[in-house]
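Take a look at the structure below.
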Amino acid sequence: MMNDRAENDNSLRDRLKRFETAVIFANSTAADPAGYEAKPDTKRLHVFFGPVWKILGEPFTQNSLLCQPMRTHETLIQSAGNREAAQALFASGALIGTAAVRGGKDHFGPLDGRPATIRPDGIDFVIDGRATVHGWYTQGRPPSTGFMVALWLMENCPWMTVTLDGFTGVPDGANKMLNSHDWILEQSVLEIERRAGRLTRLPEPGTTTVQALQSRYPDMDVSKIAEVVQGNLEITVAATRSLAAKAVRRRDSGAVLRKWGARLRSLAKRSDGTG
């Protein structure tokens with residue numbers, strides 16, 4: 001079974017050896033595939049996910065890999081119809097292949113005793129991302145597909161430079177990243193990798209509270225600054241949880257939200273010393 005996974009990974013690695021860079025697109029309005037379309041580069045790979053119609057309005061002509069998340073060890077999340085619709089948004093010859101990405105929620109149990117990954121019909125490669133996050137990702141939560149593919153590329157194709165395009169670090173309107181995945185952990189890992197120079201993020205992340213305070217207090221140890229920020233964050237999180245609990249219990253949730261919104265603003269003023 002472990003050999004099955006290695007064989008799938010090695011097959012894709014061999015196909016990727018001709019590329020020097022990889023751009024991974026989020027299905028976000030912040031992504032800019034058209035910008036890369038306008039500047040062709042045969043040494044650049046463009047990585048897309050699932051419902052690419054969210055960011056592609058016409059067939060994409062550059063070298064691309066289309067990734068689809070797996071539901072089980074042998075099935076995909078997207079329907080065959082949706083997969084066909086996604087592949088139709090690539091010009092003839094643009095796709096170097098399609099890859100099924102396997103994740104999961106158990107990140108601490110032995111991998112050897114689990115069912116071998118079976119490559120679904122119509123899929124060229126399998127990216128088994130379980131080993132990439134095994135032993136440290138939050139138990140019971142599946143990593144996002146983009147996150148796993150980014151880490152897999154950095155670990156398995158070290159000759160390539162990796163750029164994340166459209167990964168803003170801001171949860172979407174449906175809060176899928178917050179509810180389904182460990183958003184804080186993933187964003188923290190990606191930011192650490194960016195600061196270490198192992199990947200690029202577009203658009204560039206904004207200035208954090210800690211960074212702003214480092215500019216204000218350049219001689220203060222960053223751990224002390226982080227401790228202050230963490231304390232204020234804990235106050236805000238606790239107040240937010242109370243707000244949500246009150247809103248659920250009360251019929252007039254609008255009034256509760258307004259009331260607790262005022263309390264949150266009051267707490268924020270106290271924490272920054274203006275109240």
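Would the stretch 2-202 count as rounded, prolate or oblate if I go by the C-alpha gyration tensor, calling it rounded below 1.5 in a/c and otherwise prolate when a/b exceeds b/c, oblate otherwise? Here the stretch 2-202 falls in the rounded category.
The residue among P158, G197, M148 whose Cα reaches farthest toward the positive pole of the charge dipole of the stretch 2-202, with charges on the beta-carbon of Lys, Arg, Asp and Glu, is G197.
With θ taken as phi - 60° and the Karplus curve 6.51 cos²θ - 1.76 cosθ + 1.60 applied, the whole-hertz 3J(HN,Hα) list for the stretch 240-246 is 5, 5, 5, 4, 5, 5, 5 Hz, x standing for glycine and proline.
Per-residue Karplus couplings for the stretch 47-53, computed as 6.51 cos²θ - 1.76 cosθ + 1.60 with θ equal to phi - 60°, are listed in order as 10, 10, 9, x, x, 5, 5 Hz, Gly and Pro entered as x.
Rounded to whole numbers, the Karplus 3J(HN,Hα) couplings from phi for the stretch 76-89 are 9, 6, 6, 6, 4, x, 5, 5, 5, 5, 5, 5, 5, 8 Hz, using 6.51 cos²θ - 1.76 cosθ + 1.60 with θ = phi - 60°, and x at Gly and Pro.
Scanning residues 5 or more positions from R201 or on other chains, those with amide H under 5 Å from its amide H are L164, with H placed 1.01 Å from N in the peptide plane. Stretching the chain fully between I77 and E155 yields a gain of 25.6 nm (0.36 nm per residue, less the alpha carbon separation).
Close amide H pairs (under 5 Å, H built 1.01 Å from N) link I127 with A100, V101, R102, residues at least 5 positions away or on another chain.
Mind running the shape call on the stretch 194-246? Use the C-alpha gyration tensor, a ≥ b ≥ c as the square roots of the eigenvalues: rounded below 1.5 for a/c, prolate if a/b tops b/c, oblate otherwise.
Numbers: a/c = 2.97, a/b = 1.44, b/c = 2.06.
The shape class here is oblate.
For W136, neighbours were defined as the other residues whose beta-carbon sits under 15 Å from its Cβ, and their charges (Lys and Arg +1, Asp and Glu -1) total -2.
Around the amide H of H46, modelled in the peptide plane, lie the amide H atoms of V23, S64, L65, all under 5 Å away and 5 or more residues distant in sequence or on another chain.
Please figure out what share of the DSSP beta bridges in the stretch 67-215 is antiparallel and state it in percent, rounded to the nearest 5. In the stretch 67-215, DSSP labels about 10 percent of beta bridges as antiparallel. Among the chymotrypsin sites (Phe, Trp or Tyr not before Pro) found in the stretch 66-153, those both in a DSSP coil and sparsely packed, with 11 or fewer other Cβ atoms within 10 Å of their Cβ, are F108, W136.
Read-outs throughout are calculated quantities, based only on the coordinates presented, and are distinct from any laboratory measurement. All values reported here derive from a predicted model rather than from experimental measurement. All Cβ positions, even for glycine, are placed from backbone atoms using ideal geometry, and neighbour counts span all protein chains on display.
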